[in-house]
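Enquirer: Please see the structure below; I have some questions.
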Amino acid sequence: MIVDGERIRLLKTNGLFKGIPESVLKPYLKPKYFFEANEGEILYLCGDETSEIFLIVEGEVKIKFSCNGESNVKHKYLSDFFGEDEILSGSERISSAIANTDCVLFKISSSEFKQLSSSNKKITENLQCKAEVKKDDFMDAPTTDYQSQDYLTPEVSNEEPSDESLENFDDEIDWTIEDDK
């Protein structure tokens with residue numbers, strides 16, 4: 001596992017704790033805040049109670065959102081954090097998260113996160129910066145009529161996809177949980 005010096009460096013480079021003094025982060029260097037998740041391990045599911053926020057120390061996580069019947073998958077990497085939206089809004093999970101690779105994650109409870117963010121303006125600023133980036137990511141496309149441009153009109157095929165094309169398509173995850181009981 002990671003030693004204290006490395007933990008503090010990794011926390012300080014995470015987007016949530018960027019610019020936070022070491023003295024504020026030292027209480028969170030305990031091993032209980034860090035854990036390993038294996039590739040394919042489910043971190044939480046849509047509808048779960050929101051009890052913590054996650055920071056990625058190593059690896060990659062997929063976050064799956066469903067909206068208006070459509071699914072949207074986002075990838076999170078080193079220095080990203082996720083799960084804060086539901087904590088801030090006081091709602092249950094509106095997404096599902098799965099370890100896309102073997103990961104090392106930092107997990108802090110919602111009560112600790114709220115206490116830490118209310119006592120440190122820089123964390124609030126870091127959250128606002130992330131919210132602005134998210135807003136830019138989801139801005140509506142320009143109102144230009146793209147359909148009139150032939151090169152942007154998709155071709156529709158009635159053929160079944162080949163096995164080869166399906167092998168390269170990895171964003172479809174079976175999010176169904178079956179109870180072995």
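Enquirer: Below 8 Å, C-alpha to C-alpha, sequence gap of six or more: please give me the relative contact order for region 33-112 in percent.
Expert: It rounds to 52 percent for region 33-112.
Enquirer: Please work out the FRET efficiency for the pair Glu70 and Phe35, using the Cβ-Cβ distance as r and a Förster radius of 30 Å; give the result to the nearest 0.05.
Expert: After rounding, the FRET efficiency stands at 0.40.
Enquirer: Which net charge results when you count Lys and Arg as +1 and Asp and Glu as -1 among the other residues whose beta-carbon is under 9 Å from that of Tyr28?
Expert: That works out to +2.
A short reminder: the numbers here are calculations on the coordinates, not readings from a lab. Not measured: the values here are computed from a predicted model. Cβ coordinates were reconstructed from backbone atoms using ideal geometry, including for glycine residues, and neighbour counts include every protein chain displayed.
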